[in-house]
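Input: a single structure, listed below in structure tokens.
The values are calculated or read from the model by the stated rules, or taken from the named source; none is laboratory data. Keep in mind it's a predicted model, so treat the numbers as computed, not measured. Glycine gets a Cβ as well: all are built from the backbone with ideal geometry, and neighbour counts include every protein chain shown. Surface accessibility is based on the protein's heavy atoms, side chains included, excluding ligands, DNA and RNA. Shrake-Rupley method; radii C 1.70, N 1.55, O 1.52, S 1.80 Å.
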Amino acid sequence: MNTRRQFLQFAGGGFAAAWATFHARALADVAAPRPPLRLGVVSDIHIRDNGKTENGYVAGSTGTFRAALEYFRERRVDAVVIAGDMADTGKMSELDRVGQVWREVFPDSKGLDGARVEPVFVYGNHDRLAWKWPLRGAAAKDPEKVATARKGAIGGREAEAWKRAFGLEWQPVYSVKVKGYTFLCAHWGYEKDIPAYAAAHAAELDLHGARPFFCVQHPHPKGTLFSYWGKGAEDGGQLTEFLKDYPNAVSFSGHSHMGLTDDRSVWQGAFTAVNTCTLLQISTPYGGEWQCVNSRRKDTTAARHMAATSRKGRQGMVMDVWPDRLEIERREFALGEVAGPVRTVPVPANPANPVYGYAAQAARAGTPKFPVGAAVYARRQRGANTKKALEDQIVVEFPSAVAGGEKGRVLLYEIAAISEGRQVGVWKLAQELHFHPLGRVPTSSRLVIGADEVPAGALTFRVTPVGFFHKGDPISGTL
């Protein structure tokens, strides 16, 4: 059933195409066999109380969160998973807003047909701990400042905040069944307690068997999903040790903000782990060997390094759970489009030969390719850096390497400057909007550096495309 509000959402530019797409999807949902379980999955909403209302009340935005929930409602999901970091600064008022939007879209936790839609939510580190973070140095020892920071905080009053926002009783670890499927859920800091909880409730949980069960927590289980910012995205390892005995286990985790177009956002070993992404901003490669000049500017002191585009990505998924597989629709809510083709992930995992093990994914992955005849063009200019100061610069431009298609999707470029046969500089440049649908990725890329970063005279710039698993052939140009 299509509501007047849904109709009006399509008013304006592209009305006919959008309305046709909406109807086609609705008809397909009615005609297609219904999976035993359908989930809407998001994470890292990061609603921030900044004294404003509705879309302005955010680090992410209540508007984006509402759009995700409304889409899940249209798709008639059986449950919505939120894998932590709902309240950006750890305030009860922020969690209240999450609960308010939930009730407006799913009143009494019911969907369009009146059936229950289960809220499967957990706290993340921002929810429980962010109230402490402004307290540094002497402020952390000042009772008055600590009391002010604690006022209205979720941390220390987790149960009260949960009841107030969602009308539910809070437990550090809890379980819920949705259409016979078990969800084991742990709030931030309690992931290590899942094994003990599962042992104490073994009979009712019934985890052994072919039917998948789901673990929901904020950090990645240790040793599973790759994260650009490293070990800080992982838990202590107890969950991985527990799940390794369950090939039918599927873990949901957020925290790292990895984009869903990254092939490494699904991992299989002894079990399956799924990255749930974020409704705030996508992680671009940074930290250690992944440092890119256009990832996070606060990670570099160079004035001319370009700003990131990560806030243009806000993603979630609809997951259809079948007896032998997961079908994952990756959704880009910043655009209202799918982010890439549906992923089909077999379950249970085969520990001896996991289809979504990284080695198996690498074997299937394509190689990033530049268009035929592509070349690098470099020029000098007088331009302003990011601190608005004029300087002598060098601009390196080249076509984006999108010719490899989805299997050869590009993550970043390695750009080397060569003078008199010697490498005199190297930079990593994240592919702008690499997390968007492939047709939305810019067709050209550019690096701006200071002229003082390289020697004077003739230079050759060599650009190599880097995918999630493989590097492609480089192209070059001379200045």
Condition test on Y377, is it of a type in the set (S, T, Y), more than 27 Å from the chain's Cα centre (by Cα) and open to solvent by 30 Å² or more (accessible area, probe 1.4 Å)?
yes
Applying the selection to the range 270-288, what residues are at pLDDT 95 or above and open to solvent by 10 Å² or more (accessible area, probe 1.4 Å)?
A270
For G209, which of the numbered conditions (1) closer than 30 Å to E94 by Cβ; (2) among the small types (G, A, S); (3) in a loop (DSSP other than H, G, I, E, B); (4) free of Cβ contacts under 8 Å to residues at least 60 places away in the same chain fails to hold?
(1)
Would you confirm whether any residue within the range 115-130 is on the phi > 0 side of the Ramachandran plot and surrounded by fewer than 18 Cβ atoms within 10 Å (Cβ to Cβ)?
no
Which one is farthest from the chain's Cα centre (by Cα) among residues in the range 222-256 that are under 19 Å from M319 (Cβ atoms) and in a strand (DSSP E or B)?
A249
Would you say P465 is open to solvent by less than 30 Å² (accessible area, probe 1.4 Å), over 20 Å from the mean Cα position of the chain (by Cα) and closer than 27 Å to A362 by Cβ?
yes
When A147 is evaluated against the numbered criteria (1) touching a helix residue (DSSP H, G or I) at 6+ places or on another chain (Cβ under 8 Å); (2) surrounded by fewer than 16 Cβ atoms within 10 Å (Cβ to Cβ), which criterion, by number, is the only one it fails?
(1)
Conditions (1) open to solvent by less than 30 Å² (accessible area, probe 1.4 Å); (2) of a type in the set (A, V, I, L, M, F, W, C); (3) modelled with pLDDT under 95: number failed by A140:
(1)
For the range 224-269, name all the residues that are without any contact (Cβ under 8 Å) to a residue 24 or more places away in the chain and either over 20 Å from M86 (Cα atoms) or open to solvent by 10 Å² or more (accessible area, probe 1.4 Å) (or both).
K231, G232, E234, G237, T240
Members of the range 335-351 found to be in contact with a His (Cβ under 8 Å, 6 or more places away or on another chain) and open to solvent by 50 Å² or more (accessible area, probe 1.4 Å), listed by number
L335
Tell me, which helices (runs of 4 or more DSSP H) wholly within the range 91-195 include 3 or more residues that are within 26 Å of the chain's Cα centre (by Cα) and free of Cβ contacts under 8 Å to residues at least 60 places away in the same chain?
92-105
Pairing a residue in the range 290-314 that is closer than 21 Å to G230 by Cα and open to solvent by 50 Å² or more (accessible area, probe 1.4 Å) with any residue that is among the basic types (K, R) and modelled with pLDDT of 70 or more, where Cβ atoms lie under 8 Å and the two sit 6 or more apart in sequence or on different chains, gives Q291/K428
Yes or no: G316 modelled with pLDDT of 85 or more, under 14 Å from the mean Cα position of the chain (by Cα) and of a type in the set (G, A, S)?
yes
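Among the residues of the range 189-196, are any aromatic (F, W, Y) and open to solvent by less than 50 Å² (accessible area, probe 1.4 Å)? So that I can check it myself, show each step before the final result.
Initially, the range 189-196 is screened for residues aromatic (F, W, Y), giving 190.
Then drop every residue that is not open to solvent by less than 50 Å² (accessible area, probe 1.4 Å), which leaves none.
Checking the range 189-196: not a single residue is aromatic (F, W, Y) and open to solvent by less than 50 Å² (accessible area, probe 1.4 Å).
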Within the range 189-232, considering residues that are among the acidic types (D, E) and modelled with pLDDT of 95 or more, the one nearest to C292 (Cα to Cα):
E191
Which residue, of P323, P368, P354, is surrounded by 14 or more Cβ atoms within 10 Å (Cβ to Cβ), under 30 Å from F72 (Cβ atoms), more than 22 Å from the chain's Cα centre (by Cα) and not polar (S, T, N, Q)?
P354
Scanning the range 394-430 residue by residue, those small (G, A, S) and open to solvent by 10 Å² or more (accessible area, probe 1.4 Å) turn out to be A403, G404, G405, S419, G421, G425
